[in-house]
Amino acid sequence: MSQFEGNFDDFGMDTISLAGPLEAKLAAIREAGFSQVMLAARDLVGHADGWQAAVAAVRASGLRVTGFQVLRDFEGLSGHLHEYKVDIAKSMLEMCHALDCRLLLACSSTSVHASSEADALVGDLRKLAMLAIPMNIKIAYEALSWGRTINEYPQAWDIVAQADMPNLGLGFDSFHMFATNTPLDELELIDPRKLFLVQLADFMWNEIKSVEERMATARHFRVFPGEGVHSQDLAALVLKLHQLGYRGDYSFEVFNDDYLQIPLPTVAQRARQSALWLGESVLRRSVPLPNRIRLKQRVRV
Amino acid sequence: MSPRQTTAAERESVDEGSNPLGLDGIEFIEYATSKPQALGQVLERMGFRPISRHRSREVLLYRQGDINVIVNAHSSGSALTEQPVINAIALRVRDAGAAYRRALERGAWAVPARVEVMELNIPAIHGAGTSRIYLVDRYQEFSIYDVDFTPIPTVDPHPPAVAGLHFFGIVQYIGNDRTEDWNEFYATLFGFQAVPDAQRFGILPKGRILQSPCHGFFLQLIEPEPGVLDIDDDECLQRIGLGAPDVPAATEALRARGVEFVAVVGDPAELRGALTRTAMGSVTFELVHNLRAA
């Protein structure tokens, strides 16, 4: 199989979909023809030879790092809780920087100790973005569907727009967007240059009845786009984003307990089928020319 | 829910004025190199004089007029390179402690201090690349050099500047699409403001120019040439800009001292700027026509 077959350079896998050591995950992702990978902090800190060895393994894989996840419950805290979270954020930024990764994902706070006031959230996200500037890292702020104050993307966009930092934008996770039934019309209000990452996942149920079921589904029962019952919605989302001008990366954010107990190449092939479906059937791309080079100014911010 | 403590600024959006830190120019610029003597020769040709030595480290202070340049050859963990790099700017502020805390509150990274006994603890934050930004409030009655440095005997501690040279600014090389990021960094932490694109100084009119809130100096942010493959995203402080009231006279005086110039554009009699030939692979100075009010 050639990696030049298919046109899905902007689609990547996430290490959370695969079992086993980091090196095996990277090899399986590469073998399936992907050029990028989304990493989680525990891929680094859980490495048997230490996090620097994990960074070396990622560099050796040749895969580009789509983004680094995830900073949780950062915004809205005060006093010692805020100081503590700033320290956590700095550690994550340092690992992200060591990977030459240009994107840190931060998801909206679920903490009951956090303020709900917009000014407090805006101020904290400004500070997080400022911490990221010297390291050339962008912050993608994602509305977690069970976030306490911010749980739908239009709210996240309000906060990002108020914070008005050049390196602070939105991260989308299709699972959370569908779980809350947020209308796609709202996307019209968003500046596509401020959308820094789109994570895609399908799931098997038609309807999610409670927040508890939503959390369980999100963490254990996701499938690759095209494998669940929301394929048409995913296709509509991707087409809409493309039409609005989004040209950034798509990452498969697929948490699935079954995938963690079948061979890595099998899972990676499923991801590849999903990427081919989105790239060629949904976005109707032609196969790229060989030796294509990517120039500066890829429409990304 | 526990009540969140709000600062006065959050409640009332108190206007801190356009110069929130009381910024008042550049106290010094620091080079790091493993070849301090070679760099010293370059500086002396430019009119600087060695004034004093650090008490505990291999660090030398050079001066002309009110321009202080520090040459740091003290290897502290990170390996020094032969090619000098500008590894610090020191900004004069009203209250260094307050300015430091304000910067950290807004998301600056603190640089851990490594202070020997009886030395000053000068607060610093991380800047571009591996450089740092020091905050100094002792520059009027006392100076930081009185404490940390020993004067070199028989040397005039205040040598006059060649042809009225003074600090004009710093050129910073930045990565692709990084202009807005660094603009925000300097605006939020220190109150710098972008000057209109039509307003340019010197001979190299590229990039974005930020003016200090004290109106005393400028930062120029320069991205790689468009169309260049997206590879080189290294960022650094690239060169010092020196103001001169009469650029032709300054270039003449410096040529007489052995300084070579490149890129001297326009009628020599009406020269607005000039660039010295790069020494030691990285050291160059830009002269800019500037009549300083002071």
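The values are calculated or read from the model by the stated rules, or taken from the named source; none is laboratory data. Note that the coordinates shown come from a computational prediction; the quantities given were computed from them, not determined experimentally. So basically every Cβ, Gly included, is an ideal-geometry build from the backbone, and we count neighbours across all protein chains shown.
Observations on the structure shown:
- Condition check for residue A:213: without any contact (Cβ under 8 Å) to a residue 60 or more places away in the chain and part of a loop (DSSP other than H, G, I, E, B): no
- Search result, residues across segment B:178-193 that are part of a loop (DSSP other than H, G, I, E, B) and at the interface with another protein chain (Cβ under 7 Å from one of its Cβ atoms): B:178
- So residue B:196, is it more than 17 Å from residue B:236 (Cα to Cα), in contact with a Gly (Cβ under 9 Å, 6 or more places away or on another chain) and either part of a loop (DSSP other than H, G, I, E, B) or touching a residue at least 60 places away in the same chain (Cβ under 8 Å) (or both): no
- Count - residues of segment A:190-210 that are among the polar types (S, T, N, Q) and either part of a strand (DSSP E or B) or out of contact with any His (no Cβ under 9 Å at 6 or more places or on another chain) (or both): 2
A quick yes/no check of all residues on (1) more than 14 Å from every other protein chain (Cβ to nearest Cβ); (2) at pLDDT 95 or above; (3) within 24 Å of residue B:42 (Cα to Cα):
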| residue | (1), (2), (3) |
| --- | --- |
| B:58 | yes, no, yes |
| B:112 | no, no, no |
| B:122 | yes, no, no |
| B:135 | yes, yes, no |
| B:141 | yes, no, no |
| B:153 | yes, no, yes |
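- Number of positions in segment A:148-163 that are within 17 Å of the chain's Cα centre (by Cα) and surrounded by fewer than 23 Cβ atoms within 10 Å (Cβ to Cβ): 3
- Filter result for residue A:171 (within 11 Å of another protein chain (Cβ to nearest Cβ), under 24 Å from residue A:89 (Cα atoms) and surrounded by 19 or more Cβ atoms within 10 Å (Cβ to Cβ)): no
- Condition check for residue A:127: among the basic types (Lys, Arg) and farther than 30 Å from residue A:57 by Cα: yes
- Taken residue by residue, segment B:151-160 has no member that is surrounded by 13 or more Cβ atoms within 10 Å (Cβ to Cβ) and either within 20 Å of residue B:91 (Cβ to Cβ) or in contact with a helix residue (DSSP H, G or I) (Cβ under 6 Å, 6 or more places away or on another chain) (or both).
- Consider segment B:164-207 and keep the residues that are small (Gly, Ala, Ser) and over 18 Å from residue B:271 (Cα atoms). The one that is surrounded by the most Cβ atoms within 10 Å (Cβ to Cβ) is B:169.
- Count of segment A:262-288 residues which are at pLDDT 95 or above and among the charged types (D, E, K, R): 2
- Unmet criterion (only one of (1) polar (S, T, N, Q); (2) touching a helix residue (DSSP H, G or I) at 6+ places or on another chain (Cβ under 9 Å); (3) in a helix (DSSP H, G or I)) for residue A:286: (3)
- Residue A:72 vs. criteria within 23 Å of residue A:13 (Cα to Cα) and within 14 Å of chain B (Cβ to nearest Cβ): no
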